[in-house]
1. Here is a list of conditions, (1) at pLDDT below 95; (2) buried (at least 16 other Cβ atoms within 10 Å of the Cβ), and V39 meets all of them except one; can you say which number that is?
2. Identify all residues within the stretch 19-29 that are under 15 Å from E67 (Cα atoms) and over 15 Å from the mean Cα position of the chain (by Cα); write none if there are none.
3. May I ask you to list the residues in the stretch 58-76 that are outside any strand (DSSP E or B) and either surrounded by 15 or more Cβ atoms within 10 Å (Cβ to Cβ) or in contact (Cβ under 8 Å) with a residue 24 or more places away in the chain (or both)?
4. Which of the following residues is in contact with a strand residue (DSSP E or B) (Cβ under 6 Å, 6 or more places away or on another chain) and at pLDDT below 95: I59, I66?
5. Under the condition of being among the hydroxyl-bearing types (S, T, Y) and part of a strand (DSSP E or B), which residue from the stretch 1-49 is farthest from I59 (Cα to Cα)?
Amino acid sequence: MGKKTVKFNKSGIVNLPNDKPVVYRIMSESGKTVYTGVVNRGHVRDRLEEHLRRGKDRIPGTMVQIEQLDHISQARKRESNIIARTDPKYNKQRTVVSFFEPASFSKAKGRNAVKKRTVKK
């Protein structure tokens with residue numbers, strides 16, 4: 001799907017599409033990812049504005065990059081991969097998603113069961 005990078009300020013955020021779920025990266029001046037998040041369609045601009053305001057959700061950065069995906073589940077998986085790869089400074093925890101191997105298949109869990117494990121920093 002499409003990617004777009006804009007300045008991380010109100011005028012930059014206004015120009016972002018809001019019609020699909022996205023994975024977003026807030027980046028420092030040097031281009032390093034300092035925070036990665038996911039948001040459902042229709043809430044992209046609102047969520048990014050929360051990171052601009054003062055308070056607990058404030059994330060310092062100069063650029064924001066979004067990647068549009070078709071489904072929120074795809075966005076969450078992509079977010080998990082990005083966090084594991086880049087280890088952003090302001091992500092407080094990482095969620096590692098792994099699928100059960102066929103050998104560990106059980107009737108209680110189901111063939112497509114997902115095991116989530118949270119690793120705190």
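The values are calculated or read from the model by the stated rules, or taken from the named source; none is laboratory data. Given the structure is predicted, the values throughout are model-derived calculations rather than measurements. Please note: Cβ atoms are built from the backbone with ideal geometry, for glycine as well, and neighbour counts cover all protein chains shown.
1. (1)
2. Step one: list which residues in the stretch 19-29 are under 15 Å from E67 (Cα atoms), which gives 19-27.
Selection gives D19 alone.
3. I59, P60, G61, T62, L69, D70, H71, I72, Q74, A75, R76
4. Only one candidate passes the filter, namely I59.
5. This residue is T5.
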